[in-house]
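Written out below as structure tokens is the structure these notes cover.
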Amino acid sequence: MTLLFVADPLEMFKISKDTTFSMMREAQRRGHRIAACEPRHLVWRSGGPVLAEVREIELTGGGAHDWFRETDTPLRALKDFDAVLMRKDPPFDAEYFYATHLLEQAERDGARVFNRPRALRDHPEKLAIMEFPQFVSPTLVTRDPDAVRAFHAEHREIILKPLDGMGGMGIFRVGPDGLNLGSITETLNGQGTTTLMVQKFVPEIAQGDKRVLVIGGEPVPFSLARIPQGSEIRGNLAAGGKGVAQPLSARDREIAQALGPVLAARGLLLIGLDVIGDVLTEINVTSPTCFQEITQQTGFDVPAMFVDALEAALAAV
């Protein structure tokens, strides 16, 4: 098979931990051919298919700066690949949104895209939890500062975050004293012009923000608990959290088994659930990570499970 990865620039990959790299490595190990492009390389002209100037590559096994060699840079139709994997990192901004429309047009041409573009649009990572209120902690989505103040008065200790962030960006904790609540709200809601999310603080964050991976509707048997360090409240690896792999708890598995088949049926081959304690806080669908950390610490081959699911999905047509 020939696989096209739509991702960030290859030169930005940190191959020691990058999940997309681990997917590529496992795919090449199985004999599949690999190409890559960025969303900015997608183009459509009326009467023709969606095209991209792609980079056909081979993985070399080298280090951080010579891990691939480029073999060709042709202009190719996305429908000519066996699978297109959308792995562009957030933010889910206007350009990401437009890319999903180009990828959906490629689907109409005959391309197989994972995760499906429509499913990416329909499941924004912060807001997708609204469909599953039985698993979430008290949560408010609003742009109204008065509603935020009332939520804080009820729950006393809260987390505020933007809807389009990643890696812990823009997350604030406000304690019972309400210190800086007004300023933080104004910063995140743009003086009432932008919607934000507020959640009751879950003290179990001290034991880690668990990333539970679900592939083809089935949970990976280990999560990666991302544990805040020092005075940080954020467990995100990008914010300095320490990743510790651990078996799924009964609650982790309950959440994953409830959501996994539902979301897989909508075209989400890979999702990453964020669970703190016993509650679901986010559903990541754009470019879920932590493959390498879980594999290295437990020996469970997450990239192999993913490529197995991808091959099965392609064979099922």
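The values are calculated or read from the model by the stated rules, or taken from the named source; none is laboratory data. Bear in mind the structure is a predicted one, so any value in this text is a computation, not a measurement. Every residue, glycine among them, receives a Cβ derived from its backbone with ideal geometry; neighbour counts consider all protein chains shown. Only protein heavy atoms, including side chains, enter the accessible area calculation; ligands, DNA and RNA are left aside. Shrake-Rupley method; radii C 1.70, N 1.55, O 1.52, S 1.80 Å.
Once C-alpha pairs closer than 8 Å and six or more residues apart are averaged by separation and normalised to the residue number of the chain, the relative contact order reads 18 percent.
Based on C-alpha pairs under 8 angstrom that are at least 6 apart in sequence, the stretch 217-317 has a relative contact order of 24 percent. Over the chain, dividing the summed -39,500 (n - 2.57) contributions of all DSSP H runs of at least 4 residues by the number of residues returns a 222 nm mean residue ellipticity of -8500 deg cm²/dmol. Once C-alpha pairs closer than 8 Å and six or more residues apart are averaged by separation and normalised to the residue number of the stretch 134-232, the relative contact order reads 29 percent. Legend: distances between Cα atoms for LYS126/LYS200; LYS126/LYS242; LYS17/LYS79; pairs beyond 26 Å are LYS17/LYS79. Residues whose amide H comes within less than 5 Å of that of ILE34, counting only those at least five positions distant or on another chain, are LEU3, ILE57 (H built at 1.01 Å from N in the peptide plane). Each residue of the stretch 212-225 was assigned a 3J(HN,Hα) from its phi angle through the Karplus expression (A = 6.51, B = -1.76, C = 1.60, θ = phi - 60°), giving 9, 8, 10, 10, x, x, 10, x, 5, x, 10, 9, 10, 7 Hz with x at Gly and Pro. Spatial offset of the stretch 1-76 relative to the stretch 240-317 amounts to 23 Å, using the alpha carbon center of each. Using a probe radius of 1.4 angstrom, the carbon and sulfur fraction of the accessible surface of the stretch 141-187 is 51%.
Could you tally the net charge around LYS126, taking each other residue with its Cβ under 9 Å from the Cβ of LYS126, Lys/Arg +1 and Asp/Glu -1? With Lys, Arg at +1 and Asp, Glu at -1, the neighbours total -2. Each Lys or Arg adds one and each Asp or Glu subtracts one; over the other residues with Cβ under 10 Å from the Cβ of GLU38, this totals +1.
Couplings 3J(HN,Hα) for the stretch 117-131, derived from phi with the Karplus relation 6.51 cos²θ - 1.76 cosθ + 1.60 (θ = phi - 60°), are x, 5, 5, 4, 5, 7, 10, x, 5, 7, 7, 4, 5, 4, 6 Hz, where x marks Gly and Pro. Backbone N atoms of the stretch 290-308 closer than 17 Å to the 7 Å Cα→Cβ label point of LYS14 belong to residues 290-297. Using a probe of 1.4 angstrom and keeping all protein chains present, the accessible surface of the stretch 36-183 works out to 51 square angstrom per residue. Of the residues PRO247, PHE97, ALA312, the one whose Cα sits farthest toward the positive end of the charge dipole of the chain, with +1 on the Cβ of Lys and Arg and -1 on the Cβ of Asp and Glu, is ALA312.
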